[in-house]
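S.K.: Sharing a structure with you now.
The values are calculated or read from the model by the stated rules, or taken from the named source; none is laboratory data. These numbers were taken from a predicted model, which means no experiment stands behind them. Every residue, glycine as well, gets a Cβ built from its backbone with ideal geometry; the counts of neighbours run over all protein chains shown. Just the protein is used for accessible areas: all its heavy atoms, side chains included, with ligands, DNA and RNA removed. Shrake-Rupley method; radii C 1.70, N 1.55, O 1.52, S 1.80 Å.
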Amino acid sequence: MNNAKTTMAAPVHLVDPPEPPKPHKDCDVCGALVEERAKAARAGDWSKVTDVNVEIGRHRAGRRRK
């Protein structure tokens, strides 16, 4: 007799994504990045949204992309 399991595995529970970084108030660079992030989100380009989140976080920390 075959003892193969014939039931489905338990469901996968995904965690909520982290909160996006908050831009500095009255910062033109942060404002432009927030607009870029919103545009990417409307287009469904979640990779770009993530990239812009990293840029905002680095800008806030005073680090620049090499």
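S.K.: Kindly indicate which of Glu55, Glu35 is of a type in the set (Asp, Glu), at pLDDT 90 or above and in contact with a Lys or Arg (Cβ under 9 Å, 6 or more places away or on another chain).
M.R.: That would be Glu55, the only listed residue that is of a type in the set (Asp, Glu), at pLDDT 90 or above and in contact with a Lys or Arg (Cβ under 9 Å, 6 or more places away or on another chain).
S.K.: List the pairs whose first member sits in segment 1-25 and is surrounded by 10 or more Cβ atoms within 10 Å (Cβ to Cβ), whose second member is at pLDDT below 85, and whose Cβ atoms are under 7 Å apart, counting only residues at least 6 apart or on separate chains?
M.R.: Sorted first by the residue in segment 1-25, then by its partner, the pairs are Pro21/Arg60; His24/Arg60.
S.K.: Moving to a separate point now. Given the condition without any contact (Cβ under 8 Å) to a residue 12 or more places away in the chain, open to solvent by less than 100 Å² (accessible area, probe 1.4 Å) and more than 17 Å from the chain's Cα centre (by Cα), answer yes or no: does some residue in segment 53-65 qualify?
M.R.: yes
S.K.: What number goes with the only condition from (1) assigned to a loop (DSSP other than H, G, I, E, B); (2) modelled with pLDDT of 85 or more that Lys5 does not pass?
M.R.: So Lys5 meets the others, but not (2).
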